[in-house]
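Below is one structure, written out as structure tokens; the observations come after it.
The values are calculated or read from the model by the stated rules, or taken from the named source; none is laboratory data. Computed from a predicted structure; not experimentally measured. Backbone-built Cβ (ideal geometry, glycine too); neighbour counts: all protein chains shown. Side chains included, ligands, DNA and RNA excluded: accessible areas come from the protein's heavy atoms. Shrake-Rupley method; radii C 1.70, N 1.55, O 1.52, S 1.80 Å.
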Amino acid sequence: MVAPLLALIAWSLIVLVWLYARRIPAMLNMGQDFQLFADKRNMFRLPADVRAVADNYTHLTEQPTLFYALCLGIQVSGLADQLFVVLAWIYVLLRVVHSLVQGIGNHVILRFCVFAAGTGILAYMTLRAIRLVLDF
């Protein structure tokens, strides 16, 4: 359970680098004082494709926090089995695909479908863990 958890953290850091690799050149191209962007309300001035990567980084700090806690809980409780590991890797893969969809083209319906699939995996993992912990 720890390997997929670490993989998603690593992916989040890659997206953070991607964010700044897109944001800094966009800010430079605008010819604006960087201080303008100290007020987050001015981020709307950046192109939508640049904001999409930043939005995705934010998404990687939201729902995946549940995944991290769940993985650690499954691991320390001794419930980790092959099915949980496979499900965790599927969740990580779906988060990577979600990032790529959002960061390259941002096709909303496709992004939603990938997000919904990941949420379904996370929900199933949670319900399975609850069932195993409560032994029913």
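Some notes on this structure:
- Of all residues in region 105-114, exactly one satisfies the criterion of being in a helix (DSSP H, G or I), in contact (Cβ under 8 Å) with a residue 12 or more places away in the chain and not β-branched (Val, Ile, Thr), namely ARG111.
- Residue tally, condition open to solvent by 30 Å² or more (accessible area, probe 1.4 Å), among the hydroxyl-bearing types (Ser, Thr, Tyr) and over 14 Å from ALA123 (Cα atoms), over region 62-103: 1
- Residues that are of a type in the set (D, E, K, R) and open to solvent by less than 70 Å² (accessible area, probe 1.4 Å) within region 23-61 comprise ARG23, ASP39, listed in sequence order.
- The set of residues from region 104-136 being charged (D, E, K, R) and open to solvent by 70 Å² or more (accessible area, probe 1.4 Å) comprises ARG131, ASP135.
- Within region 66-83, residues that are at negative phi sit with their Cβ atoms under 8 Å from residues that are of a type in the set (Phe, Trp, Tyr), at 6+ positions apart or across chains, in these pairs: PHE67/TYR91; ILE74/PHE84.
- When LEU36 is tested against (1) farther than 19 Å from HIS98 by Cα; (2) of a type in the set (A, V, I, L, M); (3) modelled with pLDDT of 90 or more, only condition (3) is not met.
- Count of residues meeting criterion [assigned to a helix (DSSP H, G or I) and within 18 Å of LEU60 (Cβ to Cβ)] in region 80-104: 16
- Of all residue pairs spaced 6 or more apart or on separate chains, none has beta-carbon atoms under 7 Å together with a first member in region 115-128 that is at positive phi and a second member that is open to solvent by 50 Å² or more (accessible area, probe 1.4 Å) and modelled with pLDDT under 95.
Let's see how each residue does on (1) under 14 Å from SER99 (Cα atoms); (2) polar (S, T, N, Q); (3) part of a helix (DSSP H, G or I); (4) modelled with pLDDT of 95 or more:
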{"site": "LEU5", "(1), (2), (3), (4)": "no, no, yes, yes"}
{"site": "LEU8", "(1), (2), (3), (4)": "yes, no, yes, yes"}
{"site": "SER12", "(1), (2), (3), (4)": "yes, yes, yes, yes"}
{"site": "LEU16", "(1), (2), (3), (4)": "yes, no, yes, yes"}
{"site": "ILE24", "(1), (2), (3), (4)": "no, no, yes, no"}
{"site": "LEU28", "(1), (2), (3), (4)": "no, no, yes, no"}
{"site": "MET43", "(1), (2), (3), (4)": "no, no, yes, no"}
{"site": "VAL53", "(1), (2), (3), (4)": "yes, no, yes, yes"}
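- Filtered residues of region 1-15 (kept if surrounded by 16 or more Cβ atoms within 10 Å (Cβ to Cβ) and not β-branched (Val, Ile, Thr)): MET1, PRO4, LEU5, ALA7, LEU8, TRP11, SER12
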